Amino acid sequence: MRQIIFLLSAIMVLVSGLFRCTNRNIETSNFEQIYEAEGVPVRTVQVAPQPFETEISFNSVLSGIQESSAFAKIADKVEKVYVKVGDYVQKEAVLLTFPTDNPTANYYQAKVSLENSKATFERMENLYKSGGISLQELDNARAAFEVAKANWDAARQTVKVTAPIRGYVTKVNVHESDNVIPGTELFMISRIDKMKAKVWISEKEIVDIKKGAPAFAIWNNVEFEGKVVQVDLAMNQRLKAFQAVVEFENPENRLRCGLTIEVKIKAYRNPRAIVVERKNLLKDRHQFYVYLAKDGFAERIAVTPGRQQGTMVEITQGLSPGDLLITEGQMHLEPGTKIREITEVGDHQSPLTTIYRQ
């Protein structure tokens, strides 16, 4: 009994499969007849010039438009720190001091030498005016005074460390009573009214990056405007890339040194480009091509693609304004195929969509 039931089930499955295959073949045959009689349904769009631009993205680390650090010149204990991170300072303002009695600094010796040289030079100058000494003797006294003055400046800067540029204190690496050695970085001063970032550009991309090109820094989903201010003419042989420097405006000092940001550089712009979606660009072994609608038939046209941005591709040769580009139904076409343009009315789907769902 079970064998009979199994046999009947198998026969029903076979008959059902044959019925579905027959229906599918009939449907396929019906569509082929419709295509032959009325044309393959397609959608088209009229080709028209439009603005087209490309951008290249990089990741980079921000730094101030100007940055300069001060370093310890002697081994000693930090006596006093006058600034903290975030303070704005003028150039040559005293930021940190070391003890003046450090024998390496020669602070007091340089001060006494300067005072003595200055007094000697003033006396020699008066004697020269009265004819008491020669011009050579006055020049020797002036030279000794200038040397003593330079030695005093060096000694003073050794124990009283000043700001090398005006700007914000962005790093303070020492505290009072810290012991340091020569070469220790004490602090960093940065100008952050503008920021800069360095990016590395490939050999392929460098042809599109020019000095003055618009750029944007993106941080926390906020864009900051900028531009390319420098593009190297020589490739870095280690990285096999070209360095470019981009500067950005920094309103309200929102950007900070050391932040990792996304940099976008506007590399290319054509205000009247012929552009197609990449899905409408077909390719065989030898070339790219598209289909145009012309007098009710499909015409295959070879095209030359250029730059690409996202899903859009610029066409440099092959298409002209006014051409009717076929954007749907291309897979059913061959050169000379009869076509029927389909349009959508309201919110209803056209027959073309229905056909693709069969």
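Laboratory data are not the source of any read-out in this text; all were calculated from the coordinates shown. Note that the coordinates shown come from a computational prediction; the quantities given were computed from them, not determined experimentally. Counting neighbours? That spans all protein chains shown, and the Cβs are built from the backbone with ideal geometry, glycine included.
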Convex hull around the C-alpha positions of the range 249-328: the volume in Å³ per residue is 160
Checking the range 190-287 for GluC sites (Glu not before Pro) in a loop per DSSP with at most 16 other beta-carbon atoms within 10 Å yields GLU203
Restricting to aspartates and glutamates and to Cα separations under 14 Å from LYS211, and discarding same-chain partners fewer than 8 apart, the set is ASP232, GLU247
Pseudo-spin-label distance GLU249 to ALA302, built 7 Å along Cα→Cβ, given in nm, is 4.9
Sorted by chain and then number, the residues having a modelled amide H within less than 5 Å of the amide H of ILE165, at least 5 places away or on another chain, are GLU92
Counting sequence-distant residues (5 or more places) and residues on other chains, those with an amide H built under 5 Å from that of LEU186 are ALA70, PHE71, ALA72
Placing each pseudo-label 7 Å from Cα in the direction of the beta carbon, GLU334 and LYS111 end up separated by a distance in nanometres of 10.1
Once phi for every residue in the range 329-335 is put through the Karplus expression 6.51 cos²θ - 1.76 cosθ + 1.60 (θ = phi - 60°), the whole-Hz ³J(HN,Hα) values, with Gly and Pro written as x, are x, 4, 5, 9, 9, 9, x
Phi-derived 3J(HN,Hα) across the range 155-161 with the Karplus relation (6.51, -1.76, 1.60, θ = phi - 60°), rounded Hz, x for Gly and Pro, is 5, 5, 5, 5, 9, 10, 7
Amide H contacts under 5 Å for LEU259, restricted to residues at least 5 apart in sequence or on another chain and with H modeled in the peptide plane, are LEU62
In order over the range 307-315: 3J(HN,Hα) from phi, Karplus 6.51/-1.76/1.60, θ = phi - 60°, whole Hz, x for each Gly or Pro, gives 6, 10, 9, x, 9, 9, 10, 7, 9
Share of Cα-Cα pairs in the range 97-161 beyond 21 Å, whole percent, is 35
In whole percent, the Cα-Cα distances of the range 185-253 spread across 10 Å bins from 0 upward as 19, 42, 29, 10, 0
At 10 °C and 1.306 mPa s, the Stokes-Einstein diffusion coefficient in µm²/s for the range 80-207, with hydrodynamic radius from the Kirkwood sum on alpha carbon pairs, is 87
